[in-house]
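This structure is in structure tokens; I'll ask about it shortly.
The values are calculated or read from the model by the stated rules, or taken from the named source; none is laboratory data. None of the values given here were measured: they were computed from a predicted structure. With ideal geometry, Cβ positions are generated from the backbone for all residues, glycine too; neighbour counts draw on all protein chains shown.
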Amino acid sequence: LPLWERLKRRIIDGELDGLNADLDEALTQRPALEIVNDVLLDGMKTVGELFGSGQMQLPFVLQSAEVMKTAVAYLEPHMEKTEDGGKGRIVLATVKGDVHDIGKNLVDIILSNNGYEVVNLGIKQPMSSILEAAKNERADVIGMSGLLVKSTVIMKENLEELNSRGLASEWPVLLGGAALTRAYVEQDLAGLYDGEVRYARDAFEGLRLMDAFMA
Ligand code: B1M
């Protein structure tokens, strides 16, 4: 198989052997971020489709996710960085009940490489932990990720909690993850949240929105 097809296949098949050699070759031809976005994420998309249609079982999805994570970790040192980390600080978490963290961790990488400090709390984070970290770390923004449909409901509850504690004006909120839609966030959730809440389709939109929040 040609290199790009082979890399994509590695994600789909969960095949770690020889991954680094292929990534080294890829790095001689394209920037690290492009390899992630155009090749590896394309593989994850196929995994999602196969799983969704019942053609792939969960343990294999887990293997694909491991290869994806390994590849991103290998490529990260090759990604462009701006030197200054002082543009602002975001507390980032996958919401309660949700273990999906590949997208969240990509957001972490893109923001960290572009001048933001990221306090990455990990997965399955209840609002109490997110709030505590936002306070203790003096965060400028709260970022929540979630891929399950039920996570979209959790996000709504979290915003309602910020409202009811009178904290909505403290933190603009950035939301992302495959189960969300722009309309749900920018119409439904924005309508109920007393502060600012925005939807990021991908990590780059997340970066643009951070820049806008901090402007
Ligand atoms: Co799960 N899973 N999974 N899974 N999984 C989905 C989400 C699903 C759509 C698959 C499907 O059915 N087609 C489906 C959800 C269905 C639904 O809710 N309606 C699903 C399911 C059902 C489940 C389980 C319930 C399966 C089960 O146990 N029976 C279970 C849930 C466990 C739980 O959370 N409690 C489960 C488990 C898993 C694995 C552990 C095996 C693994 C996750 C491993 C890991 O993350 N460490 C996994 C995976 C890999 C997927 C799919 C295949 C791929 C997700 C992914 O990593 N995509 C996924 C299919 C899909 O998404 N269509 C699926 C790549 C990643 C880069 O994209 O996270 O969307 P994403 O991030 C994007 C943007 O969304 C955005 O930026 C990123 C790109 O730049 N973004 C943000 C994300 N967060 C952001 C935050 C921001 C800004 C942007 O600011 C704060």
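Which one is nearest to the ligand (Cβ to nearest atom) among residues in region 186-205 that are assigned to a loop (DSSP other than H, G, I, E, B) and over 15 Å from VAL141 (Cα atoms)?
ASP202
Now a separate question. Pairs under 7 Å by beta carbon, first residue basic (Lys, Arg) in region 76-87, partner surrounded by 15 or more Cβ atoms within 10 Å (Cβ to Cβ), six or more apart or different chains?
These pairs meet every condition: LYS81/ASN113; LYS87/GLY115; LYS87/TYR116; LYS87/MET214.
Criterion first (under 21 Å from GLY143 (Cα atoms) and at pLDDT 95 or above) does ASN114 satisfy it?
No, not satisfied.
For region 52-69, how many residues are near the ligand (Cβ under 7 Å from one of its atoms), surrounded by fewer than 17 Cβ atoms within 10 Å (Cβ to Cβ) and either modelled with pLDDT under 95 or not hydrophobic (A, V, I, L, M, F, W, C) (or both)?
Looking only at that region, the number is 2.
Do you know which residues across region 101-149 are more than 20 Å from GLU160 (Cα to Cα), without any contact (Cβ under 8 Å) to a residue 60 or more places away in the chain, out of contact with any Leu (no Cβ under 8 Å at 6 or more places or on another chain) and assigned to a helix (DSSP H, G or I)?
ILE102, ASN105, SER112, ASN113, ASN136 - these are the residues of region 101-149 that are more than 20 Å from GLU160 (Cα to Cα), without any contact (Cβ under 8 Å) to a residue 60 or more places away in the chain, out of contact with any Leu (no Cβ under 8 Å at 6 or more places or on another chain) and assigned to a helix (DSSP H, G or I).
Would you call THR94 surrounded by fewer than 17 Cβ atoms within 10 Å (Cβ to Cβ), among the polar types (S, T, N, Q), in contact (Cβ under 8 Å) with a residue 40 or more places away in the chain and within 12 Å of the ligand (Cβ to nearest atom)? Reasoning before the result, please.
Values: surrounded by fewer than 17 Cβ atoms within 10 Å (Cβ to Cβ): no; among the polar types (S, T, N, Q): yes; in contact (Cβ under 8 Å) with a residue 40 or more places away in the chain: yes; within 12 Å of the ligand (Cβ to nearest atom): yes.
So THR94 fails the test.
Being of a type in the set (D, E, K, R) and touching a Phe, Trp or Tyr at 6+ places or on another chain (Cβ under 6 Å): is that true of ARG182 here?
yes
Residue by residue, here is whether (1) at pLDDT 95 or above; (2) closer than 27 Å to LYS45 by Cα; (3) surrounded by fewer than 23 Cβ atoms within 10 Å (Cβ to Cβ) holds:
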site	(1), (2), (3)
SER129	yes, no, yes
ARG138	yes, no, yes
SER145	yes, yes, no
VAL153	yes, yes, yes
LEU174	yes, yes, no
TYR184	yes, yes, yes
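Now, a different point. Which one of the conditions (1) more than 20 Å from LEU148 (Cβ to Cβ); (2) surrounded by fewer than 16 Cβ atoms within 10 Å (Cβ to Cβ) does VAL36 fail to meet, given that it meets all the rest?
For VAL36, the exception is condition (2).
Go through region 1-38 and give me each residue that's hydrophobic (A, V, I, L, M, F, W, C), assigned to a helix (DSSP H, G or I) and farther than 21 Å from ASN105 by Cα.
Selection gives LEU3, TRP4, ALA21, ALA26.
While we're here: Mind listing whichever residues of region 156-185 are aliphatic (A, V, I, L, M) and either assigned to a loop (DSSP other than H, G, I, E, B) or closer than 22 Å to GLY48 by Cα (or both)?
Scanning region 156-185 gives LEU167, ALA168, LEU175, ALA178, ALA179, LEU180.
So, in region 39-51, exactly how many residues are within 12 Å of the ligand (Cβ to nearest atom) and within 26 Å of LEU111 (Cβ to Cβ)?
8
Let me ask something else about it. Among (1) out of contact with any His (no Cβ under 9 Å at 6 or more places or on another chain); (2) within 11 Å of the ligand (Cβ to nearest atom); (3) assigned to a loop (DSSP other than H, G, I, E, B), there is one condition VAL153 misses while meeting the rest; what is its number?
Checking VAL153 against (1) out of contact with any His (no Cβ under 9 Å at 6 or more places or on another chain); (2) within 11 Å of the ligand (Cβ to nearest atom); (3) assigned to a loop (DSSP other than H, G, I, E, B), the one that fails is (3).
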